[in-house]
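Here the structure comes first, spelled out in structure tokens, and everything after it is commentary.
The values are calculated or read from the model by the stated rules, or taken from the named source; none is laboratory data. This one's a predicted model, so the numbers in the text were calculated from it and none came from an experiment. Note that we place each Cβ from the backbone using ideal geometry, even for glycine, and neighbour counts take in every protein chain shown. The area values use the complete protein model at the heavy-atom level, side chains included, leaving out ligands, DNA and RNA. Shrake-Rupley method; radii C 1.70, N 1.55, O 1.52, S 1.80 Å.
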Amino acid sequence: VLAEALGARKLTLKPSAAGAYAYLDPSHAPRVAKTRPAPRALLAVAFGADAAKKPFWREDRAHPAGATGGLTLTHPEIAAALAASRLADAKDAGATWVVTEDPDDLAVLEASTPALGVKSLYEALAACL
């Protein structure tokens, strides 16, 4: 909806120089879509396409963030390790902060006390309105 509004010029985002970022696809994304162009397009307008860094994504697979399968409840140490690994991957790609639209992934990433900033897609975009 937001990407459509941006394309129809019903939504305006003020560009922000927030530094290099990585969009982390929701853990379930490979199951429902090959790519997620709408969030990436919105982020490119708001924060710059050149600032986007690409963490691991191969053959429609991404690093899980630790939120799927109830790991936070059954094996919190594994969930924390997965989140830390996902953040390290983004940092290795050159990102200084990460953004995700999935609330479960967001919670796990924030709880891992990351060395990177972690933001919700919608909160990051709201700051550019």
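Residues that are in contact (Cβ under 8 Å) with a residue 24 or more places away in the chain and of a type in the set (D, E, K, R) are absent from segment 106-117.
Of the residues making up segment 107-129, those that are in a helix (DSSP H, G or I) and open to solvent by 50 Å² or more (accessible area, probe 1.4 Å) are ALA107, GLU110, ALA111, TYR122, GLU123, ALA126. For segment 50-75, a residue qualifies if it is at pLDDT 80 or above and open to solvent by 70 Å² or more (accessible area, probe 1.4 Å), and the qualifying residues are ASP50, LYS54, LEU73, THR74, HIS75. Within segment 90-106, if we keep just the residues that are under 12 Å from the mean Cα position of the chain (by Cα) and assigned to a helix (DSSP H, G or I), the residue that is nearest to ALA3 (Cα to Cα) turns out to be PRO103.
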